[in-house]
1. May I ask which residue of 74, 186, 131 lies farthest towards the positive end of the charge dipole of the stretch 64-197, with charges of +1 (Lys, Arg) and -1 (Asp, Glu) on Cβ and the Cα centre as origin?
2. Ratio to report: Rg/Rh of the stretch 80-212, with Cα atoms as the point set and Rh obtained by the Kirkwood method; give two decimals.
3. Using a Förster radius of 22 Å, what is the FRET efficiency between residue 249 and residue 21 based on their Cβ-Cβ separation? Nearest 0.05, please.
4. Kindly provide log₁₀ I(q)/I(0) values, in the same order as q = 0.14, 0.16, 0.17 Å⁻¹, from the Debye equation applied to equal alpha-carbon scatterers of the chain.
5. Find the relative contact order for the stretch 157-265 and round it to a whole percent, using C-alpha pairs within less than 8 Å whose residues are 6+ positions apart.
6. Which percent of the accessible heavy-atom area of the chain goes to carbon and sulfur, probe 1.4 angstrom?
7. With charges set only on the Cβ (+1 for Lys and Arg, -1 for Asp and Glu), what does the dipole of the stretch 224-265 come to about its Cα centre, in debye to the nearest 20?
8. Please identify every one of the trypsin sites (Lys or Arg not before Pro) in the stretch 192-247 that sits in a loop by DSSP and has no more than 13 other beta carbons within 10 Å of its own beta carbon.
Amino acid sequence: MNNTEQILNSDFIISFGTFIEDEKLNDSILEAVKNNGAKFVYMHPIDNFSLKPFYSQLIKYEVGSEEGVSALLLNSFTSNCDENIKNYLDDLDLGYVSAESSAGEEEFEEAFENSLKAKVKTFIIGDDLINHERVENIIQLLALIKKYSDFNLVVLNEDLAQKIDSCKNFDLKELEELKSFNGTLVYKLIDEKNDELIASQTFANISKVSNGNEIFVISKNERIKRVLKIDENLHGTIAILKIKNNENIFDGYKYKQVKIEKVEA
C-alpha cells in the first residue's frame with residue numbers, strides 16, 4: 001500500500017512536522033475525513049487556515065521543540081514498551097517538556113481518546129525534522145512509536161523514512177533544553193510563486209513594513225529580496241518564505257530567525 005492509499009484508508013490521522021502544503025497530501029487527508037469520518041490532528045507551529053474546516057484538533061508547538069513533542073507522542077500513544085523505554089519515559093519531566101514545547105499534556109490525552117475507536121491509524125511525519133539539530137534522537141523516538149504503537153507511519157521524506165525503518169538499536173539521549181527562537185522567524189516553503197514573504201499583520205508591524213513593500217530578508221550573511229504579502233489568516237511572528245525547489249537559501253532547519261529591511265526606492 002503506498003502513502004496515498006494508506007491515508008485514504010485511515011479513520012484517524014496525525015500529522016507532525018509538515019504544513020501539508022502538498023496538494024496530493026492535502027487532498028488525501030480531506031478525502032479520508034469526508035469518506036471515513038476520519039479524525040485529523042494537525043500538529044505544527046503554524047496554523048494552516050485552509051485545513052481549519054477539516055482538522056478535529058490543532059496541537060500548536062514551539063519552533064524547535066520537535067524532540068520534546070516526539071517524546072510526548074511516544075508517551076501518549078505507545079504501550080508494552082520494554083523496560084529501558086519505560087524507564088526513559090518515567091525519568092522525563094513530561095510536565096516540563098509539555099510547558100517548554102507549549103503543547104499541553106491534556107491535548108495529547110484528547111488526541112489519544114479520539115484515537116481509541118479508530119481501526120486504521122496513520123501518523124504522517126514531515127520534512128521539518130530532517131535538519132533539526134537533534135534529528136538523530138528524534139529518529140529513535142519516531143522509530144519507537146512505529147514499534148510500540150498501532151500507527152502506520154507515512155514519512156514524507158524518503159531518506160528520513162529509511163533512517164526510521166533501519167533504526168533498531170535504541171540509545172536515547174536526554175532531551176535537550178529548548179533553544180529560544182525570539183523575534184521574527186521565517187518558515188521555508190517550496191512554491192512556484194516564490195517572490196513573496198507571506199506574513200501576519202503582527203509580523204509586519206514588528207518589522208515596520210507594509211503590505212506590498214519590497215523587502216530584504218536577512219539571516220546571518222544571507223540577504224534575499226521578496227515582496228511582503230499580508231495574510232489576514234496568519235497570526236504570530238512566523239512568516240512563510242516561498243522558495244524554489246532547488247533554491248539554496250538559509251540552509252538547515254526550516255525555521256530561521258531573520259531581520260527584515262525595507263528596500264529603499
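1. 74
2. On the way: Rg = 18.5 Å, Rh = 18.1 Å.
Using Cα coordinates only, the ratio equals 1.02.
3. Details: r = 17 Å, r/R0 = 0.76.
Efficiency, rounded to the nearest 0.05: 0.85.
4. Here the Debye-derived log intensity ratios amount to -1.00, -1.26, -1.38.
5. For the stretch 157-265, the relative contact order is 37 percent.
6. That fraction is 43 percent.
7. The dipole of the stretch 224-265 has a size of about 80 debye.
8. 193, 208, 220, 244
The values are calculated or read from the model by the stated rules, or taken from the named source; none is laboratory data. In this text the structure is predicted, and so the values were computed from the model without any measurement. Cβ sites come from the backbone with ideal geometry, for glycine too, and all protein chains shown count toward neighbours. All accessible areas refer to the heavy atoms of the entire protein, side chains included, with ligands and DNA or RNA removed. Shrake-Rupley method; radii C 1.70, N 1.55, O 1.52, S 1.80 Å.
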